[in-house]
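A short write-up of the structure that comes next.
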Amino acid sequence: MQFDFFPSRQLSWYMARLFFTRTFAVLALLVVVLQTLDLLGESNDVLAYAGNGDAQLWHYVSLRAPQIIARFLPFSVLLGTLIMLATLNQNSEIISMKAAGLSAHQILAPLVTSALVVALISFAFNERIVARSTARLSAWQAVDYGPLPRDSGIKTGPWVRDGNNLVTAAIVAGRGTAVQLRKVEIFNRVNNGLVTIVQAPKGRYDAATKSWVLEDARQFDVARGTERQVGTVRFGRDIRPDQFTLARVDPDAMTFGELRAAITDLRDAGRPTAELEGSLWHKVSGPLSALLMPILGSVAAFGLARSGQLFLRAVIGMALGFAYFVADNFSLAMGNLGAYPPFLAAWAPFFLFLLVGETVLFRTEE
């Protein structure tokens with residue numbers, strides 16, 4: 001048995017079942033509590049738009065819940081692992097396994113394999129659901145929880161410079177010359193002083209004249225404090241469509257393939273991409289952090305429960321897990337500042353705490 005990577009089939013299934021039930025039970029509890037608190041804080045803004053009611057509140061929950069699940073799934077794996085291993089230790093089941101000739105790595109093998117399954121589920125969930133819900137929620141919030149245009153490739157809140165003027169759009173949809181703008185504002189400035197503000201509900205790019213067209217626009221005169229309808233307005237002959245589509249790239253609202261394509265477009269346009277490259281790699285390393293949790297939490301599994309240090313061991317395992325998340329966020333921040341290369345910023349905490357976990361595991365075995 002010492003030369004087998006897994007223990008017996010029955011024992012492996014038993015530990016895998018305990019791991020999944022504890023992990024997803026903790027996840028369900030966290031999601032219910034955090035979603036309730038989040039909804040209490042956001043419900044006033046959702047209902048502030050005329051006509052919104054219970055349906056819009058449930059729609060907000062459907063968009064926000066995937067974000068909460070994605071963020072706290074690794075925490076749930078850590079807490080579920082600690083609860084499971086502490087219980088097995090308390091009931092002397094770990095002692096029985098070791099007495100049967102199993103090593104620490106063999107005991108943890110079913111948990112690591114189960115964590116790999118959770119990591120794959122997390123990656124697929126992020127790609128198929130979280131990215132889309134994040135994009136929709138950001139766009140919905142950009143229009144103050146009002147009606148959303150049925151467009152793909154939605155981006156929110158970009159602004160570009162047109163000479164001395166500033167142009168903003170609440171929502172940008174589409175790519176290339178098919179770009180559509182919603183809730184457009186043009187801030188016309190003279191000698192760094194604001195003169196007029198042009199607002200329009202929508203705008204589009206006219207490829208024939210290589211300019212932008214606003215429809216149903218109105219103009220506000222800052223000096224006089226008056227407003228008038230100006231109808232169709234053309235502007236921005238020097239503004240390319242990619243200046244809107246690439247002005248603000250939200251990596252959380254994109255899948256791995258979409259983000260990689262955006263990075264390629266930005267690189268071709270000569271713009272910096274280090275921050276986005278770090279986020280691209282983190283889309284893989286983030287879900288794989290679930291693999292570390294059984295190793296970091298293994299300190300709660302070994303050692304005699306009657307020694308009175310089981311609670312201390314569980315706290316140490318929790319501290320190691322939370323230290324990883326702190327180091328991960330710190331590394332990403334350093335990557336965004338340019339202090340770390342993008343690949344190192346995304347993967348260094350993973351491999352560092354993998355070594356830390358293995359070191360703790362070997363020390364525990366000794």
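At a glance:
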item: Degrees, to the nearest 10: 131-142 long Cα axis against longest axis of the chain; result: 40 degrees
item: For 281, 159, 13, order by how many other beta-carbon atoms lie within 10 Å, fewest first; result: 13, 159, 281
item: Cα-based radius of gyration of the chain once divided by 2.2 N^0.38 Å, which approximates compact folds; result: 1.27
item: Partners for residue 283 among aspartates and glutamates (Cα-Cα distance below 14 Å; same-chain residues under 8 apart left out); result: 127, 250, 252, 258, 275, 328
item: Size of charge dipole - the stretch 1-152 - debye, nearest 20, with Cβ of Lys, Arg +1 and Asp, Glu -1, no other charges; result: 440 debye
item: Extended-chain gain in nm, criterion 0.36 nm per residue less alpha-carbon gap, residue 33 and residue 129; result: 32.5 nm
item: Listed residue (79, 177, 111) projecting farthest to the positive dipole end of the chain, Cβ model; result: 177
item: The chain: relative contact order in percent, alpha carbon pairs under 8 Å with at least 6 residues between; result: 16 percent
item: For peptides 216-227, 162-173, 309-320, 91-102, sequence by mean Cβ density within 10 Å, most packed first; result: 162-173, 309-320, 91-102, 216-227
item: Whole-Å distance, taken between Cα centres, linking the stretch 186-253 and the stretch 85-104; result: 68 Å
item: Sorted by Cβ density within 10 Å, fewest first, the residues 14, 60; result: 14, 60
item: Mean Cα-pair separation over length for the stretch 158-245, i.e. relative contact order, pairs under 8 Å, 6 or more apart, %; result: 25 percent
item: Given charges at Cβ of Lys, Arg, Asp, Glu: the chain dipole, positive-most of 99, 330, 272; result: 272
item: Size of charge dipole - the chain - debye, nearest 20, with Cβ of Lys, Arg +1 and Asp, Glu -1, no other charges; result: 400 debye
item: Packing-based ranking, highest mean first, of 228-238, 348-358 given that Cβ atoms within 10 Å are counted; result: 348-358, 228-238
item: C-alpha center-to-center spacing [the stretch 2-79, the stretch 118-150] in angstrom; result: 16 Å
item: Among 66-74, 46-54, the order from most to least packed when residues are scored by Cβ within 10 Å on average; result: 66-74, 46-54
item: Convex hull volume of the stretch 1-154 per residue (C-alpha atoms, cubic angstrom); result: 122 Å³
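Bear in mind that the values in this text are calculations on the coordinates, not laboratory data. Note that the structure is a prediction, hence the values are computed from the model and not measured. Reconstructed Cβ throughout: ideal geometry from the backbone, glycine too, with neighbour counts over all protein chains shown.
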